[in-house]
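Undergrad: Structure provided below as structure tokens; questions to follow.
The values are calculated or read from the model by the stated rules, or taken from the named source; none is laboratory data. Here the structure is a predicted model, which means the values were calculated and not measured. All Cβ positions, even for glycine, are placed from backbone atoms using ideal geometry, and neighbour counts span all protein chains on display.
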């Protein structure tokens, strides 16, 4: 299991590597993201796409495809870890607490490009190294 940050969802839409990794490993690894990560991606993508002169409709269709590969973690699952997650993220970006709370609730690592998660007490993987984790997780299945 691996909890994805909103920036990974956005990368899955804007690039090819993240989406390729999701497709390659989806049968053996549970990809998860809190509902707030999808909301954040949907909020920020239009402005990013506009700056890059990319089609909003096509990108949102890709995000919908990503949502089919990544399971949504609902608040009922992670809410009980809000206080702990907020404390751990307090000197960083406290608004990212649902990502950390989901990882704590599900006892799994985080895939992010956000250094605010480093040192939060949960293993974090960046896109340039995450395939090491995914390969190992696939071997266990």
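Undergrad: Please indicate, with yes or no, whether at least one residue in region 131-141 is modelled with pLDDT under 95 and in a loop (DSSP other than H, G, I, E, B).
TA: Yes, some residue in region 131-141 is modelled with pLDDT under 95 and in a loop (DSSP other than H, G, I, E, B).
Undergrad: A further question on this structure: Surrounded by 15 or more Cβ atoms within 10 Å (Cβ to Cβ), at pLDDT 95 or above and within 16 Å of residue 125 (Cα to Cα) - does that describe any residue in region 67-78?
TA: Looking for residues that are surrounded by 15 or more Cβ atoms within 10 Å (Cβ to Cβ), at pLDDT 95 or above and within 16 Å of residue 125 (Cα to Cα), one finds none in region 67-78, hence no.
Undergrad: Taking residue 117 as the residue in question, decide whether it is more than 26 Å from residue 131 (Cα to Cα), touching a residue at least 12 places away in the same chain (Cβ under 8 Å) and buried (at least 17 other Cβ atoms within 10 Å of the Cβ).
TA: Judged against the criteria, residue 117 is not a match.
Undergrad: Further, regarding this structure: Taking the options 63, 106, name whichever one is surrounded by fewer than 21 Cβ atoms within 10 Å (Cβ to Cβ), under 25 Å from residue 23 (Cα atoms), at pLDDT 95 or above and touching a strand residue (DSSP E or B) at 6+ places or on another chain (Cβ under 7 Å).
TA: Of 63, 106, the one residue that is surrounded by fewer than 21 Cβ atoms within 10 Å (Cβ to Cβ), under 25 Å from residue 23 (Cα atoms), at pLDDT 95 or above and touching a strand residue (DSSP E or B) at 6+ places or on another chain (Cβ under 7 Å) is 106.
Undergrad: Within 23 Å of residue 136 (Cβ to Cβ) and either over 17 Å from the mean Cα position of the chain (by Cα) or surrounded by fewer than 16 Cβ atoms within 10 Å (Cβ to Cβ) (or both), is that true of residue 24?
TA: It is true that residue 24 is within 23 Å of residue 136 (Cβ to Cβ) and either over 17 Å from the mean Cα position of the chain (by Cα) or surrounded by fewer than 16 Cβ atoms within 10 Å (Cβ to Cβ) (or both).
Undergrad: Tell me, please, whether a residue that is out of contact with any helix residue (DSSP H, G or I) (no Cβ under 9 Å at 6 or more places or on another chain) and touching a residue at least 40 places away in the same chain (Cβ under 8 Å) can be found in region 68-88.
TA: Checking region 68-88: at least one residue is out of contact with any helix residue (DSSP H, G or I) (no Cβ under 9 Å at 6 or more places or on another chain) and touching a residue at least 40 places away in the same chain (Cβ under 8 Å).
Undergrad: Continuing with the same structure: Applying the selection to region 33-53, what residues are closer than 14 Å to residue 12 by Cβ and either surrounded by fewer than 16 Cβ atoms within 10 Å (Cβ to Cβ) or under 15 Å from the mean Cα position of the chain (by Cα) (or both)?
TA: Those that are closer than 14 Å to residue 12 by Cβ and either surrounded by fewer than 16 Cβ atoms within 10 Å (Cβ to Cβ) or under 15 Å from the mean Cα position of the chain (by Cα) (or both): 33, 37, 38, 40, 41, 42, 44, 45, 48.
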